[in-house]
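S.K.: Got a structure here, written out as structure tokens. Questions coming.
The values are calculated or read from the model by the stated rules, or taken from the named source; none is laboratory data. Small disclaimer: the values here were computed from a predicted structure and weren't measured. Note that we place each Cβ from the backbone using ideal geometry, even for glycine, and neighbour counts take in every protein chain shown.
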Amino acid sequence: MIHRNAESYRVEVKRFYLPFEVTVNCPKCGKPCTEDLRRNYLSYPTIGGIADLSVECPECVHFWNVKCRFDVTLTLVE
């Protein structure tokens, strides 16, 4: 049995790399932009909370933040 407390939990890792790519459209020029979280990282993310991810458009050199939810799944394996 696994029980998760309802509260959020801050991960004490300054540079938290993840095997994900996030693709969003640039709000300035509309081109798709991809951030690789194996190179770009979340800083001190909160499990169950909202994190800011900075994105750069290589087309028009525009920087902005997108919000993402950072969740963790724990599964028993027998």
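S.K.: Write out, first by first residue and then by second, each pair whose Cβ atoms fall under 9 Å of each other, whose residues are 6+ apart or on separate chains, and whose first residue, in segment 25-46, is among the β-branched types (Val, Ile, Thr) while the second is modelled with pLDDT of 95 or more.
M.R.: 34/21; 34/22; 34/23; 34/24; 34/55
S.K.: Out of the residues in segment 13-36 meeting the condition of being modelled with pLDDT under 95 and among the aliphatic types (A, V, I, L, M), tell me which one is nearest to residue 65 (Cα to Cα).
M.R.: 18
S.K.: Separate question: Inside segment 32-51, can you point out the residues that are surrounded by 12 or more Cβ atoms within 10 Å (Cβ to Cβ), touching a strand residue (DSSP E or B) at 6+ places or on another chain (Cβ under 6 Å) and not hydroxyl-bearing (Ser, Thr, Tyr)?
M.R.: The answer is 33, 35, 36, 42, 45, 47, 51.
S.K.: Please indicate, with yes or no, whether at least one residue in segment 23-30 is in a strand (DSSP E or B), farther than 28 Å from residue 8 by Cα and touching a Ser or Thr at 6+ places or on another chain (Cβ under 7 Å).
M.R.: Looking for residues that are in a strand (DSSP E or B), farther than 28 Å from residue 8 by Cα and touching a Ser or Thr at 6+ places or on another chain (Cβ under 7 Å), one finds none in segment 23-30, hence no.
S.K.: Any residue in segment 55-78 that's exposed (fewer than 10 other Cβ atoms within 10 Å of the Cβ): show its pairings with residues that are modelled with pLDDT under 90 at Cβ separation under 6 Å, as long as the two are six or more apart or on different chains.
M.R.: So the pair list comes out as 74/2.
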